[in-house]
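The structure appears right after this line, and notes come after that.
The values are calculated or read from the model by the stated rules, or taken from the named source; none is laboratory data. Nothing here was measured: the structure is a model prediction, and the numbers come from that model. So basically every Cβ, Gly included, is an ideal-geometry build from the backbone, and we count neighbours across all protein chains shown.
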Amino acid sequence: MFDDKKIRAIIFDWGGTCGEDSEPFALQSLLQTLGKTPDEISYVVRDLLDDFYKGKISSDLFWPRVLERFGLLETQDMNCVLLSAAYLSTCRPFDEILGSIIELRKKYKTGLLSNLTPLMRDHIRKQESWFDYFDAEVYSCDSNIMERKPDISMYNAITKKLGVSPENCLFIDNTSHNVIAAKDFGMQGLLFTSVAQCLADTAALLQ
């Protein structure tokens, strides 16, 4: 049962919660050359993608290995620079969510817990001032983590950074198994399905 009186910290996912889900394989020339969807490409290179999100390989290694997996060479229209740029262009924050975090921070500690590649993490840090939104942040690609949600190490790391116990946290994510893992860890959880739903449910839970 949800207990708003116990909540001291609210922890957000990034992609799909604070902003749109980013797409690594957004470059149209890649999609047209392969005749595959982004999901189909992701499946073929899922091992490389997993290492990329865990920070085990950099973008300088990831893109060449993806092209090699499909027997492709870099061209003027399809190369590592363009692949990275197309990926980063899919990062689109939800202004209403970020605005709500600023308000929530007046009463609660706030944290960011996200599966992100080093490339996207560093890009978002340049675009947004985390000092305005979050007291602590933990990423799957961090050198002391190198795991992805729903691995328990990520939930443990963010609670330690925030200095709170799991039962004092509300975790918000757009992926159900990540929310379930948070609850198993002892947090209270909220599944994000839309900006309007998240804002309404968060306000209702915390009133």
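Among the residues of the range 126-178, which ones are over 16 Å from the mean Cα position of the chain (by Cα), of a type in the set (Ser, Thr, Tyr) and not in a loop (DSSP other than H, G, I, E, B)?
Thr159
Pairs, please: C-beta under 6 Å, at least 6 apart or cross-chain, first residue assigned to a loop (DSSP other than H, G, I, E, B) and in the range 181-202, second aliphatic (A, V, I, L, M)?
Phe192/Ile172
Say we look at the range 103-151 and pick out the residues that are of a type in the set (A, V, I, L, M) and touching a Phe, Trp or Tyr at 6+ places or on another chain (Cβ under 6 Å); which of these is nearest to Asp50 (Cα to Cα)?
Within the range 103-151, the match that is nearest to Asp50 (Cα to Cα) is Leu116.
With Ser153, Ser140 as the choices, which residue is closer than 24 Å to Phe62 by Cβ, of a type in the set (Gly, Ala, Ser) and either buried (at least 20 other Cβ atoms within 10 Å of the Cβ) or not assigned by TED's automatic domain parsing to the domain that holds Ala9 (or both)?
Values: Ser153 fails: either buried (at least 20 other Cβ atoms within 10 Å of the Cβ) or not assigned by TED's automatic domain parsing to the domain that holds Ala9 (or both).
Just one listed residue meets the conditions, Ser140.
Six or more apart or on different chains, Cβ under 7 Å: which pairs go from a residue in the range 41-62 that's among the hydroxyl-bearing types (Ser, Thr, Tyr) to one that's surrounded by fewer than 20 Cβ atoms within 10 Å (Cβ to Cβ) and not in a helix (DSSP H, G or I)? Could you list them?
Between residues of the range 41-62 that are among the hydroxyl-bearing types (Ser, Thr, Tyr) and residues that are surrounded by fewer than 20 Cβ atoms within 10 Å (Cβ to Cβ) and not in a helix (DSSP H, G or I), the close pairs are Tyr53/Arg148.
With respect to the numbered conditions (1) touching a strand residue (DSSP E or B) at 6+ places or on another chain (Cβ under 6 Å); (2) in a helix (DSSP H, G or I); (3) surrounded by 23 or more Cβ atoms within 10 Å (Cβ to Cβ), which one is the sole condition not fulfilled by Arg121?
It is condition (3) that Arg121 fails.
When you scan the range 21-32, how many residues do you find that are part of a helix (DSSP H, G or I) and exposed (fewer than 15 other Cβ atoms within 10 Å of the Cβ)?
2
Any chance you could count how many residues in the range 78-106 are among the β-branched types (Val, Ile, Thr) and either closer than 23 Å to Phe62 by Cα or out of contact with any helix residue (DSSP H, G or I) (no Cβ under 7 Å at 6 or more places or on another chain) (or both)?
Qualifying residue count, the range 78-106: 3.
Given Glu167, Glu137, Glu128, Glu103, which one is in contact (Cβ under 8 Å) with a residue 40 or more places away in the chain and of a type outside the set (Lys, Arg)?
On the way: Glu137 fails: in contact (Cβ under 8 Å) with a residue 40 or more places away in the chain; Glu128 fails: in contact (Cβ under 8 Å) with a residue 40 or more places away in the chain; Glu103 fails: in contact (Cβ under 8 Å) with a residue 40 or more places away in the chain.
Matching residue, one of Glu167, Glu137, Glu128, Glu103: Glu167.
What number goes with the only condition from (1) over 30 Å from Asp184 (Cα atoms); (2) hydrophobic (A, V, I, L, M, F, W, C); (3) in the same structural domain as Lys126 (by TED's automatic domain parsing) that Met78 does not pass?
Among (1) over 30 Å from Asp184 (Cα atoms); (2) hydrophobic (A, V, I, L, M, F, W, C); (3) in the same structural domain as Lys126 (by TED's automatic domain parsing), the lone unmet condition for Met78 is (3).
Okay, residues lined up against (1) under 25 Å from the mean Cα position of the chain (by Cα); (2) closer than 30 Å to Val195 by Cα; (3) modelled with pLDDT of 95 or more; (4) of a type in the set (S, T, N, Q):
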residue	(1), (2), (3), (4)
Cys18	yes, yes, yes, no
Arg46	yes, yes, yes, no
Asp50	yes, yes, yes, no
Glu74	no, no, yes, no
Cys80	yes, no, yes, no
